[in-house]
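The values are calculated or read from the model by the stated rules, or taken from the named source; none is laboratory data. Everything numeric in this text was worked out from a predicted model, so none of it was measured. Cβ sites come from the backbone with ideal geometry, for glycine too, and all protein chains shown count toward neighbours. The protein model used for the area step is the full one, side chains on, heavy atoms only, and it has no ligands, DNA or RNA in it. Shrake-Rupley method; radii C 1.70, N 1.55, O 1.52, S 1.80 Å.
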Amino acid sequence: FFFLMIRRPPRSTQSRSSAASDVYKRQTQSTWGITFQRQNCMETSTESQANLREQFSIKINVCEPRIIEGLNKYVTYSVKGVDFDGPFDVVRRFSDFAAVRNLMLTRWPGCYIPPLPPKKTFNMNPTFIEERRVYLERFCIAIASVQYLYYSEEFQAFIRTNTSDVEKFLNSLPKQSYDDLLARYSKVFSFLGGKEIGPELYHKLDDFGKFLQRITPALKAQKKMAKIAVKARKEYIEQYNNMLNQLLPDLSLIHISEPTRLLSISYAVFCLKKK
């Protein structure tokens, strides 16, 4: 219980209403002081939580691909892991990965969002499915390496929402206004506050653009050569397996000699006899 006693002022001083007004002002100032203290504590708590998130090692895996039979066959992948907010385990299709990436491109303009492998329909080859799984996992790991993208509303909904129609849920998220975008970027990129784009930065950007123009043709040529090398390797493995399948059934192992030693070199002699 609190008791407030207002002493009656003498007639030569201010009136009773004026004295009460001063008490109210002091109470108001005290209340605002407490409010500011609470706000500062909340901001400090948020910063501490952000620091703890940065120190936490995120683990995320894309695994257990599964072919879902039906009129339209498709493949699902398990997305499992653990982060600062706890463990997660959901099942996602390739279209769900594409949906969250497209949404992040819209809601994080100007930020780099890691790419996804191209979409190919009606390909249920185990090698292709495993290759796609690897690329999807790389996408998630790349997102996890950028804290503000990983802990964004969009990606957290992707890894924690237990619903069959993830794309519909992502599209139902509240629309982002320009003020919301400005507030988000001001918070995430606060370290850029007060920095201006001057001639030096323009010069660096121009040099980087010229570098990209020079390196692009070389990268395209390297990509073309890599495709040729992969194709040649597959053909070689196929021809090698065919040769073994045709040769080995007609041959049988009849003797393995004892290892001999000549000039510090050990070897074994295999004698094969045709059936």
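Tabulated results
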read-out	value
All Cα pairs of segment 49-170, percent lying beyond 20 Å	42 percent
Rg/Rh for segment 95-236, where both radii come from Cα atoms and Rh is the Kirkwood radius	1.05
Accessible-area value, ASP206, 1.4 Å probe, nucleic acids and ligands omitted, Å²	80 Å²
Under 20 Å from LYS224, Cα to Cα: aspartates and glutamates that are on another chain or at least 8 residues apart	GLU131, GLU235
Accessible area (Å², 1.4 Å probe, nearest 10) - LEU192	90 Å²
Dipole of segment 103-238 [Lys/Arg +1, Asp/Glu -1 at C-beta], most positive-end residue of ILE129, PHE191, VAL230	VAL230
FRET E, pair CYS111, ASN241, Förster distance 45 Å, beta-carbon r, rounded to 0.05	0.45
Order of exposure, largest accessible area first, which applies to TYR240, TYR202 with probe 1.4 Å	TYR202, TYR240
Accessible area (Å², 1.4 Å probe, nearest 10) - GLU54	120 Å²
Protein-only accessible surface order, largest first, of SER177, SER145 at 1.4 Å	SER145, SER177
Gain in span if fully extended, LEU182 to ARG233, counting 0.36 nm per residue against the direct Cα distance	13.3 nm
Cross-link pairs LYS120/LYS220; LYS120/LYS223; LYS59/LYS223; LYS73/LYS120; LYS210/LYS231 - those with Cα-Cα distance over 24 Å	LYS59/LYS223; LYS210/LYS231
Sequence of GLU200, GLU137 when ordered by accessible area, the most exposed leading, probe 1.4 angstrom	GLU200, GLU137
